[in-house]
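In what follows, a single structure is set out as structure tokens and then discussed.
The values are calculated or read from the model by the stated rules, or taken from the named source; none is laboratory data. The shown structure was predicted, so the numbers you read here are calculated from the model rather than taken from an experiment. When we count neighbours, we look across all protein chains shown, and the Cβ atoms used for this are built from the backbone with ideal geometry, even at glycine. Just the protein is used for accessible areas: all its heavy atoms, side chains included, with ligands, DNA and RNA removed. Shrake-Rupley method; radii C 1.70, N 1.55, O 1.52, S 1.80 Å.
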Amino acid sequence: MCGIAGLAGADAVRHQLTVAAMGLAQHHRGPDGTRHLTSADGRAVLSMNTLLIVDTAADPGPYLDPAGGIVLTFNGEIYNYRQVAAAWGIVLEPGETDAHLVLRAWAKLGPGCLASLDGMFALAAYDPREGRLFLARDRLGEKPLYWRLDDGRLAFASEVTTLTGYGTAPLVVRPEMLSIETPTGADTPFQGIQLLPPAGLLAFDVATGSKRRAWPSTAWPGSSRPTTPPARARSSPSSPPTGTATSGLCRSLRASSSSSSPPSTCPS
């Protein structure tokens with residue numbers, strides 16, 4: 001696993017040491033190094049704890065697109081990144097992997113590129129051309145991403161305790177915690193800290209301090225994107241094999257549904 005953290009706001013550059021401390025609080029998530037990067041306009045500082053899996057010789061994050069100034073911090077893996085790169089004409093140099101594909105695709109399409117990515121991920125991308133920080137999470141929410149808004153600055157991290165160290169966050173005992181011993185939905189046990197939901201996209205305007213959230217039902221936001229190969233065709237060396245447990249389950253369900261008698265809910 002990797003870890004991401006950071007903040008965005010009009011005076012973010014003044015809080016580089018704070019972001020560095022947030023990254024160090026999650027250093028166990030990135031044995032291949034922890035770094036932070038400040039955007040050229042000084043309105044975003046992003047940190048990343050890197051664990052190299054796809055290519056152990058790859059460059060660690062955060063990542064910068066020199067042409068557009070976009071800064072990306074990324075946790076996860078894109079299984080079909082080679083196919084997407086080929087379909088979109090994105091050249092990946094030696095030492096560049098799925099995170100670099102996301103960076104270049106974001107430079108072209110913004111959040112619209114997310115619809116073609118097959119993988120598990122949580123990411124933050126700051127685009128100085130728009131003056132907005134974007135937080136995004138994979139469709140199933142396999143990778144965690146927490147955020148909070150204080151004094152016109154938005155802070156985020158892979159671990160909720162990283163954000164409790166960023167500022168005051170009183171413990172809140174929510175009703176569901178008394179019944180099922182865990183919070184549900186976007187709420188956390190800490191006041192002011194929320195969990196970005198699966199397939200969630202949050203856009204934060206650093207100039208106005210306003211935020212916009214979206215939970216698309218069938219696709220990610222972004223109406224125009226290049227055609228890519230089917231997302232199920234995974235090509236990453238570290239991706240899990242397909243056609244094993246899941247396909248066996250599907251065959252079992254199909255067999256059950258075709259039976260004249262309804263299947264038993266629980267084994268006897």
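Could you work out how far apart the two model spin labels at Glu176 and Asp41 are, taking each label as a point 7 Å from the Cα in the direction of the beta carbon, and quote it in nm? Computed distance between label sites Glu176 and Asp41 equals 3.6 nm. Hey, with R₀ at 25 Å, roughly what FRET efficiency would Glu93 and Leu51 work out to, going by the Cβ-Cβ distance, to 0.05? My answer for the efficiency is 0.75. Approximating the spin labels as points 7 Å out from Cα along Cα→Cβ, the Thr161-to-Arg212 distance works out to 3.7 nm. Along the stretch 155-167 the Karplus relation, 6.51 cos²θ - 1.76 cosθ + 1.60 evaluated at θ = phi - 60°, assigns HN-Hα couplings of 10, 9, 6, 6, 10, 5, 5, 5, 7, 5, x, 6, x Hz to successive residues, with x for each Gly and Pro.
The trypsin sites (Lys or Arg not before Pro) of the stretch 120-205 that DSSP puts in a loop, and whose beta carbon has at most 13 other beta carbons within 10 Å, are Arg129. Taking amide H positions as modeled 1.01 Å from N, with prolines and chain starts lacking one, the residues under 5 Å from Leu52 and 5 or more places away or on another chain are Asp32.
Just by accessible area at a 1.4 angstrom probe, what is the order of Thr161, Thr73, Thr56 from largest to smallest? Working shown, then result.
Values: Thr161 85, Thr73 0, Thr56 110 Å².
The ranking, largest first, comes out as Thr56, Thr161, Thr73.
Take the Cα of Asp32, step 7 Å toward its Cβ, do the same at Ala67, and the gap between the two points is 2.5 nm. Compute the Cα gyration tensor for the stretch 113-185, then decide on rounded, prolate or oblate, letting a ≥ b ≥ c be the square roots of its eigenvalues: rounded whenever a/c is under 1.5, prolate when a/b is larger than b/c in the other cases, and oblate in all that remain. Since a/c reaches 1.5 but b/c is at least a/b, the shape of the stretch 113-185 is classed as oblate.
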